[in-house]
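Before any comments, here is the structure.
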Amino acid sequence: MGGSATGRAIEVEALGMTMRFGGFLALDDVSMRVAVGSFHALLGENGAGKSTLVKCMLGYQKPSDGQMLVDGREAKILGPRDAATLGLGMVYQHFTLAPSLTGAENLVIARADGPFVIDWRKERAALAQFMESMPFRVPLDRPVGALSTGERQKLEIAKQLYLGRRFLVLDEPTSALTPDEAEEVLGHVRALTRGGGLTALMISHKFREVFAFADDVTVLRKGRRAGGGAISALDRSALAAMMIGEQKIATLDARAAVAETAEPVLEIRTLRAPGGAGRKSIEIDDLVLHVGEIVGVAGIAGNGQRELLDVLAGQRAPEAGKIGVKGARYGATRAEMKELNVRFIPEEPLRNACAPLMSVAENLAFRTFDLDRDGGPQRWLDGRAIRRDAERLVDRFEVKAASIDAPIATLSGGNVQRAVLARELTGDVDLLIVANPCFGLDFAAVAEIRARIMQARNAGAAVLLVSEDLDELLELSDRILVMSEGAIVYETPIASADAHEIGRHMAGRG
């Protein structure tokens, strides 16, 4: 039978955790104590060692050195089953529930001691009693696929508690949630910790949530513990310094005023485009971007944002409607993009905007390799000009690469994004279309990419910024639109934008 939410929280401590992968030291003598009944945050840049530390703690990887203490006693954790037996569990960033099964079915089949023949009357009674001890409600009789994103996240937490876990690792638990859902879920976790029934360790990159919900924090940098302590004794600048050391962080330029008479750059009227293969069809009646403004498009993933981007990139043909750029009809051909100064930065640029095995210099030349200095066609590649231009762009955009001749796939994610920005923001830019530009990037790279987008906007470009990070949209946008079920359902100027109101429309409750 499953557990009860009224069990006792446990203390977990990692001592001297070290992890080597050949000659690479992923973790270097890291210690971390998560006090009983506390809500602890684990921060660090990409590659800082957060995931490796958690995997060692939960038995998914065997550390090269170090030990685990549970409630002050040495614990032998040779695999995830040992961790589960001790009451340690994890709620992953991506949901692990079976969408076609009900919540009740997901919980019961997750048990290691599940019966061969299930007595559903008995199980439902036990589940009802279990849910009474929880600080939140989740419908257990509906298929998981019919639940909201927030309800699925709560069900993932409930499943771990039902299975008897008293220490939970939460891996970026709010990445797919609206602001209201995020506050609700984290508020429930904090209530469980303060009630003494749970100890929580949250991996996060959102300072706002860390300061709102966590008691303590540990920061990793380059595989080592860089600092930590009680949240009440720290501020954002202190945490940022722990994460990145002395590295310089880009700052946003002051936002230039948008002229009241600013000309429209992008105009979309009565656009209809099919989804296909499980994708969302879109119906957009009216969307206009003006010179020198950033319009942010918010929405939970899967509500038509990708289909809109596909149309604007020429990868999906619309069924009806009109798209215009600077008064000219726009069909997203290469010639039109060149003539109308349209630039596109897709999500995951290494996969979608680069040839990974080609060199940095070659990738930087994709826009101009067949043009001469006057912009006319040329028959022969000018290798020296390609290298000269690449060296200039690498220097200007601070792309860190061993060589411009190295395959672009050898660069870090942040430097791939810098290289793509260097290519797309060089020359005249009237319309810049950007999708999730900071996804998976580290703190310093995020700051720089956002600063570059703001610079393009201040230079007069109209920017359509599609992002699943609402904080990013609130920081950069002049206006925010919300997409839900393939349509624009809400619009607000940034001066009066309210994150909770935006979140309600994202969740379809506007």
Inset, instruction - Give the dimensionless ratio obtained when the Cα radius of gyration of region 1-145 is divided by 2.2 N^0.38 Å. - result: 1.24
Inset, instruction - Fewest Cβ neighbours within 10 Å first, please rank 123, 156, 260, 319 accordingly. - result: 260, 319, 123, 156
Legend entry - Cβ-based charge dipole, region 214-319, positive-most Cα from 302, 265, 233: 233
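I'm a student and want to see the number: the projected area of the Cα convex hull of region 258-304, averaged over all directions, in nm². Intermediate values should be presented prior to the final figure.
Working: hull surface 15.9 nm².
Mean orientational projected area (region 258-304, Cα hull): 4.0 nm².
Would you mind getting me the FRET efficiency between residue 82 and residue 371? Use the beta-carbon distance for r and R0 = 45 Å, nearest 0.05.
Working: r = 62 Å, r/R0 = 1.37.
After rounding to 0.05, the efficiency reads 0.15.
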Inset, instruction - Express the relative contact order of region 217-373 as a whole percentage, based on alpha carbon pairs under 8 Å and six or more residues apart in sequence. - result: 16
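Using only the Cα atoms of region 223-316, build the gyration tensor, take square roots of its eigenvalues as a ≥ b ≥ c, and label the shape rounded, prolate or oblate: rounded if a/c is under 1.5, else prolate if a/b is larger than b/c, else oblate. Provide the component values of the computation, followed by the final result.
On the way: a/c = 3.42, a/b = 1.76, b/c = 1.94.
Here region 223-316 falls in the oblate category.
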Legend entry - More than 15 Å apart - percent of Cα-Cα pairs taken over region 144-199: 47
Legend entry - region 150-210: relative contact order as a whole-number percent, Cα under 8 Å and 6+ apart: 44
Legend entry - Ellipsoid semi-axes in whole angstrom, largest first, where each is sqrt(5λ) of the Cα gyration tensor of region 12-244: 31, 21, 15
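Per Stokes-Einstein, at 10 °C and 1.306 mPa s, what whole-number D in µm² s⁻¹ belongs to region 387-510, with the Kirkwood radius over Cα pairs as the hydrodynamic radius?
Answer from the Stokes-Einstein relation: 99 µm²/s.
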Legend entry - Convex hull projection area averaged over all views, region 1-82, Cα basis, nm²: 6.4
Inset, instruction - Please say if region 123-267 is rounded, prolate or oblate, where rounded means a/c under 1.5 for a ≥ b ≥ c the square roots of the C-alpha gyration tensor eigenvalues, and otherwise the choice is prolate for a/b larger than b/c and oblate otherwise? - result: oblate
Legend entry - Dipole axis of region 12-244 (+1 Lys, Arg; -1 Asp, Glu on Cβ), positive-most option in 176, 243, 37: 243
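Take the eigenvalues of the Cα gyration tensor for region 286-380, scale each by 5, and report the square roots as semi-axes in whole Å, largest first.
For region 286-380, the ellipsoid semi-axes come out as 27, 19, 13 Å.
Beyond 29 Å between alpha-carbons counts as too far, so tell me which of 206/400; 159/222; 280/322; 55/280; 50/159; 122/159 fall in that bin. It would help to have the intermediate numbers written out before the result.
Numbers: 206/400 26 Å; 159/222 33 Å; 280/322 19 Å; 55/280 36 Å; 50/159 24 Å; 122/159 18 Å.
As for pairs spanning more than 29 Å Cα to Cα, those are 159/222; 55/280.
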Inset, instruction - Starting with the fewest neighbours, write out 272, 423, 316 ranked by other beta-carbon atoms found within 10 Å of each beta-carbon. - result: 272, 316, 423
Legend entry - Amide hydrogen neighbours beyond the local backbone of residue 169, cut-off 5 Å, H modeled: 89, 90, 91, 201
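Got the relative contact order for the chain handy, in percent, Cα pairs under 8 Å and 6 or more residues apart?
16
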Inset, instruction - Beyond 14 Å, what share of the Cα-Cα pairs of region 348-427 is found? Please give it as a whole percent. - result: 57
Inset, instruction - In vacuum, with every alpha carbon of the chain counted as one equal point scatterer, what does the Debye formula give for log10 I(q)/I(0) at q = 0.10, 0.11 Å⁻¹? Two decimals, please. - result: -0.89, -1.05
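Throughout, read-outs are computed from the coordinates displayed, never taken from laboratory work. All values derive from a computational prediction rather than experimental measurement. Virtual Cβ from ideal backbone geometry, glycine too; neighbours counted across all protein chains shown.
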